[in-house]
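Remarks on the structure that follows.
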Amino acid sequence: MDGFSKEEEEEDGTFTNISLADDIDLSSGVLYLRPKSFLRKMMNADMDAVDAENQVELEEKTRLINQVLELQHTLEDLSARVDAVKEENLKLKSENQVLGQYIENLMSASSVFQTTDTKSKRK
């Protein structure tokens, strides 16, 4: 068979289809013709299986895309939080330096914190 559909004219003037090459089962080495309805059912079942696989793949891809987007948003939030903490840290360091300098100035101005020479007072 050449793989194309051929038609033969019957005695009453109608045409009948002859099987396509795809309708032939060569797996057993014996030539058997499969009925077209069987092939349609197999093709429909195959299409249903493909559709089901495609649906599962589509759902999985959608789930993964949503998960990636959620992780991206989380990363953006964490990055913004890190930046805010860095700014706060720098601000607090600066305030600590100012307070430390202020405390040193107070201590140097107060006589309570001045070093005393105990030898000179006892003599």
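Values quoted throughout were computed directly from the atomic coordinates according to the rules given, and no laboratory measurement underlies them. These numbers come from a predicted model, not from an experiment. All Cβ positions, glycine included, derive from the backbone under ideal geometry; neighbour counts span all protein chains shown.
Work out how much length residue 46 to residue 107 would gain on full extension: take 0.36 nm times their residue separation and subtract the Cα-Cα distance, in nm to one decimal.
Computed gain between residue 46 and residue 107 is 13.0 nm.
Quote the FRET efficiency, to the nearest 0.05, computed for residue 95 versus residue 60 with a Förster distance R0 of 41 Å and r equal to the Cβ-Cβ distance.
0.20
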